[in-house]
Every structure is written in C-alpha cells, then in structure tokens.
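> There's a structure below that I have some questions on.
The values are calculated or read from the model by the stated rules, or taken from the named source; none is laboratory data. Just so you know, these numbers come straight off a predicted model, no measurement behind them. Here the Cβ positions follow ideal geometry from the backbone for every residue, glycine too, while neighbour counts run over all protein chains shown. Accessible surface areas use protein heavy atoms only, side chains included; no ligands, DNA or RNA. Shrake-Rupley method; radii C 1.70, N 1.55, O 1.52, S 1.80 Å.
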Amino acid sequence: MKNTFHLSALAKVVGAASLLAVTHLAAADTIKLGMSVPLSGSGANWGKGAEVMCAKAAEEVKSQGGVKVKGKTYDFECVGYDNKYNAAEGAKVAQALVERDGVKFVAGSIGTAPVRALQSLTERRKVLMFTSGWGSSIKGPKFPLTFTQMNTPNEIVAPLIASIKKLNPAIKTVVMLNPNDATGQETEKVAKVAWEKNGVKVLVSDWYERGTSEFQPIAAKLAAAKPDVVDLGTMPPADAGLVFKELKALGWNGVKVVEVGTGADGLLATGKDAVEGAYLGAAVDASSMTPHQKSLDDSVRKATGEGVNAIQIGFYDAVWALKAAMEKAQSIDPEEVGKAMFTVKFKGFFGDTGFGGKAVYGSDQQMLIPVIITQLVGNALKEVDRVQK
C-alpha cells in the first residue's frame, strides 16, 4: 500500500509537471501584438474598434492554421494600451509595451504624437510597428521597422479635395480647423496645398486643443470669414459634429469636409441635421461591403455603437501582413520580418494588397489600399468616389 501511494503521488507530480510544460509551450507559441490606441476620450471609438479588428484577424489566422515558421505554429494575441491620444500618455504606453512587457510586434498605433513617442523606442529596440499616424515625419527609410496601415494625407487629401471640387464646381473659398498637435499640423500643410491647387482660396487656418468641448467661439470665427467650405481636417467625428452644429446655429450652411471623417454615427450623435451632406475621407459605405466585411462591421458596431472605419481596418490588415511576412521570412525576428514586409503580398479587408509609397516616402512602407470618399446623405453614408491604389 505504501509503495502504491508513492507511485501514485509520483505519477501526479509527473503529470502536473507535464501539464506545466505543455502550458508553457502553448504560451511560447503565442505572439503578443501590442496596440497603442486611445481607449478613452474623443478618439476612444477608434481604439476600441481597432481592438476588435485586431482580435478578429487573430481569430481568423488561428482558425486557418496559424502562422507556420520552420515547422512551428504560432497564434497571435492582441493587447491594447490606452495612449489617450496625446504624447505624454503615448510615452507611458511606449515604456509599458516595449520595456516592461517586451512586445516585439505592434499591430497598430494611433496619433502622430503618441506614435512618435513609441517609435523612439521601437526602432531602437528592434520592434516592428504598424501605425495609422498621419504624419510624414514618422515614415521613410530612416524608420525601417515602421509600416503605415492606412491611407494618410498624402494618399487621401488630394483625391478627396479634387472630388469635392468636381462635385461642387462653384466653391471658391475654404476655412480650415485642425487639432493643435503633430497630426493636425502635418495634415494642414498637405490640405492647404491641395485646396489651392484646385483653385480654392484658404481664408483662415485655425487650431484647437484636443479635449476642447466648447466650440462656439471657434465656430464664430470660422463663420465670420463666410467661406464656401469648412474643412475640419483631422478632427474626430464627434467633435466635428459639434462644430457643424454651432456653424448651423450661426447661419452657415456650405460644403462640409472632415478629412479623417471615419463614420456617420459620431457626426450624427453630436451634429444631428447640421452634418447633412458632409464629405468624409476615411469612412466606408456599409452598403458596398461583402458578407465578410459586413460581419466585421457588425462586430465593431456591437462594441462601439458605430460602423467600422479605415483606422480600425488597418489593425485587421496588419495582422494578415504580419502572418504573410513571417511566413515569407520563415522567422519571427522583427528585423527579418521587416525585410520581408517590403515585398510581401497578403489578403486584407479590401482584397489582395502589399506595400508601396517609395516615390513619396523613399521606401515601400505604405500599405496600398483604396481611398474611399463618402458623403453623409440623411442618416447613411454614400460612396461618391473611390481611388484604387
């Protein structure tokens, strides 16, 4: 009896050890994908939707057999960090993500200022990073491990403004309003050139601080210029709705533009009927979606109350790009994966794609995706133009 007891106990110990070994092995086969995103504040919709899209792509990769590298299979796990859409919090996220948690791959990051803070560590620590940041200053050959996952001003602004001018040939003047941060400042320069190139004079280009909730004084200044167009640049939809509401109260009712406009719901929630006819540069018309795209849209809508947008789609695409690059490189080393990324092809939200942008940025680190221009008609978005990259 005594020997039997010891043998049974030993078996339990060995079994427990085996279970621990298997558990450890499973953990080692999971690659953590970090995300630096706003999960609170006016940009929270973008961050929460990005988390959903990253997780959905990770689930799909797993269901289709995972990532195959040198006979080993890996799955992805998406982990979001709240950068609150500002540089100070972005720096804290960078430290937590790279230094504390040792993340080697960033599936997406939002906001030029917080992205700059993260990039200062990712490039130095050899961490591969995807970003939706709109600033050109974070792109190019000097940042070999940084890849852009959505269209930015250099891709969106020119076709958006050209399309608006074509649809509204009588417009002659525009006023511009942007957040006073890196994203707004870099976008303003590109937009100003595009408006003037299309024969539209920029009367005023103003700024506001993110977190502002009272827009009446700003709207009064814009309306006083009596412009044909108001361009709210990189302002989040909910804030843009407030501005258009104030403008309507002041009697202005011209052409409305939100370059980083990502959806109708945020605009309508705050702007009501004042946002009718607004043109958006980063939204997707749900009526044009495939069944698969619609299922992803439904998932984002359940989590955020709004439909999927271009910012969030980039997080889905980044996961599939990482899988393709890891399998092409047959490595999970970020530097090797980064080298493969320049020439990789993968199937993203909009279909087969890869990377380009060398003529603009000096290297092929810009994801090639269509520019979709939409207009708010009633309570729904209508696609009015599409530029395929």
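> Label points 7 Å out from Cα along the Cβ direction at Ala96 and Arg124: separation in nm?
2.0
> I'd like the Karplus ³J(HN,Hα) series for the stretch 128-141: coefficients 6.51, -1.76, 1.60, θ = phi - 60°, whole numbers in Hz, and an x wherever there's a Gly or Pro.
So the J values, rounded to whole Hz, are 7, 10, 9, 9, 9, x, 8, x, 5, 5, 9, 10, x, x.
> Over the chain, give the accessible area per residue in Å² for a 1.4 Å probe, as an integer.
42
> Going by amide H atoms built from the backbone, whose H comes under 5 Å of the H on Trp207, apart from near neighbours?
Under 5 Å from the amide H of Trp207: Asn178.
> In terms of the ratio Rg/(2.2 N^0.38 Å) built on C-alpha atoms, what value belongs to the stretch 139-291?
1.03
> While we're on this one: Would you work out the relative contact order for the chain, in percent, from Cα pairs under 8 angstrom that are 6 or more residues apart?
After rounding, I find 16 percent.
> Shifting gears a bit: Give the separation of the Cα centroids, the stretch 235-271 to the stretch 160-212, in Å.
First find each Cα centre; the distance between them is then 15 Å.
> With bins 5 Å wide starting at 0, give me the P(r) of the stretch 201-285 over every alpha carbon pair, in whole percents.
Cα pair-distance distribution for the stretch 201-285, in percent: 3, 16, 30, 29, 17, 5, 1.
> Rounded to the nearest 5, what % of the DSSP beta bridges within the stretch 29-84 are antiparallel ones?
The answer is about 25 percent antiparallel.
> May I have the extent of the alpha carbons of the stretch 112-220 along their three principal axes, as whole Å values ordered from largest to smallest?
51, 33, 16
> Follow-up question, since we're still on this one. Go through (1) 105, 50, 41; (2) 59, 50, 42; (3) 95, 43, 40 and flag the label whose value is the computed Cα extents along the principal axes in Å for this structure.
(3)
> What net charge do the residues around Gly233 carry, taking every other residue with its C-beta under 9 Å from that of Gly233, with Lys and Arg at +1 and Asp and Glu at -1?
Value of the local net charge: -3.
> OK, next. Counting Lys +1, Arg +1, Asp -1, Glu -1, what net charge surrounds Met35 among other residues with beta carbon under 14 Å of its beta carbon?
-1
> Now for a separate question. Could you order Glu59, Glu99, Glu188 so the one with the most accessible surface comes first? Probe is 1.4 Å.
Glu59, Glu99, Glu188
> If you don't mind, there's one more thing I want to ask. What residues qualify as long-range amide H neighbours of Gly108, i.e. H under 5 Å apart, gap of 5 or more or another chain, H built at 1.01 Å from N?
Close amide H contacts, sequence-distant or interchain: Ser36, Phe130.
> Still on this structure, I have one more. Stokes-Einstein D for the stretch 79-173 at 25 °C, 0.890 mPa s, Kirkwood Rh over Cα pairs, in µm²/s?
For the chosen part, D equals 170 µm²/s.
> Given Cα pairs under 8 Å that are at least 6 residues apart, what percent is the relative contact order of the stretch 149-289?
Normalised by residue count, the contact order of the stretch 149-289 is 23 percent.
> When the accessible area of the chain is computed with all protein chains present and a 1.4 Å probe, what percentage of it is carbon and sulfur?
C and S fraction of accessible area: 56 percent.
> Taking each pair of different alpha-carbon atoms in the stretch 292-389 once, compute 1/r for the pair, average those values, and report the inverse of that mean as the Kirkwood hydrodynamic radius in Å to one decimal.
This gives a value of 15.1 Å.
> Next question. Return one quarter of the surface area of the convex hull spanned by the alpha-carbon atoms of the stretch 313-358, equal to its mean projected area, in nm².
3.1
> Also, I was wondering about something else. Please sort by residue number the chymotrypsin sites (Phe, Trp or Tyr not before Pro) in the stretch 292-389 whose DSSP state is loop and whose Cβ has at most 16 other Cβ atoms within 10 Å.
Here the sparse-neighbourhood loop sites are Phe342.
> On to the next question. How big is the stretch 225-336 in terms of Cα radius of gyration and Dmax, in angstroms?
Here Rg and the maximum Cα pair distance are 18.2, 61 Å.
> To check my understanding: the extent here is largest minus smallest coordinate of the Cα atoms along each principal axis. What are those three numbers for the stretch 158-219, in Å, largest first?
Projected onto the principal axes, the Cα atoms of the stretch 158-219 cover 34, 24, 17 Å.
> Show the residues, 5+ positions off or on another chain, whose built amide H is closer than 5 Å to the amide H of Leu33.
Result for Leu33 returns Glu77, Cys78, Val79.
> Given a 1.4 Å probe and heavy atoms of the protein chains only, how would you sort Glu383, Glu209, largest accessible area at the top?
Glu209, Glu383
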